[in-house]
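The values are calculated or read from the model by the stated rules, or taken from the named source; none is laboratory data. From a predicted model like this one, the values you see are computed outputs, not experimental measurements. Heads up, the Cβs are rebuilt from the backbone with ideal geometry, glycines too, and the neighbour counts pull from every protein chain shown. Ligands, DNA and RNA are stripped out before the accessible areas are found, and what is left, the full protein with its side chains, is counted by its heavy atoms. Shrake-Rupley method; radii C 1.70, N 1.55, O 1.52, S 1.80 Å.
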Amino acid sequence: MPAPQPDAAPLGAVIRLAKFNIGDVVRHRIYPFRGIIFDVDPVFANTEEWWQAIPEEVRPSKDQPFYHLLAENQDTEYVAYVSEQNLVPDRSGEALRHARIAEMFERDAEGGYRMRGDAAN
């Protein structure tokens, strides 16, 4: 019998396909920030302390994709970690201003973003 893969999901776990892709521009469904996705975790992969700090009434389930965003709001730019259930596509067409976007992405002919070849891991 073949050995299990080291990164295989636990027996009985359901891994869902991510709804969003790297380079997608998204908005938070509740809070006033938006950003560009630069990495995706198939399930929660942050610390238990981080997860417990979220108020229980809005705490997302861990068994869904979580996205790393170069995020921005009206006042600042930062990196955010957000559950899929809390993201919606941003179809505003407004340019993002996050200073790190140019390090990782370039604009495509349609005005979207694609990861730079030297930024991919």
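Structure notes:
- Coordinate range along principal axes, alpha carbons of the range 24-115, Å, largest first: 41, 25, 20
- Most fluctuating residue given options Tyr67, Tyr31, Tyr81, as computed from a GNM of the chain linking Cα atoms under 10 Å: Tyr31
- Candidates Pro32, Pro42, Pro89, ranked by Gaussian network fluctuation over the chain, Cα under 10 Å, top entry: Pro32
- Fluctuation leader among Ala45, Ala80, Ala53 - the chain, Gaussian network, Cα springs under 10 angstrom: Ala53
- Accessible surface of the chain, 1.4 Å probe, proportion on carbon and sulfur as whole %: 52
- Label-point gap, in nm, between Glu94 and Gln74 - each point 7 angstrom along Cα→Cβ: 1.0
- Rounded accessible area per residue of the chain, 1.4 Å, Å²: 67
- Mean Cβ count within 10 Å, highest first, over the residues of peptides 95-105, 19-29: 19-29, 95-105
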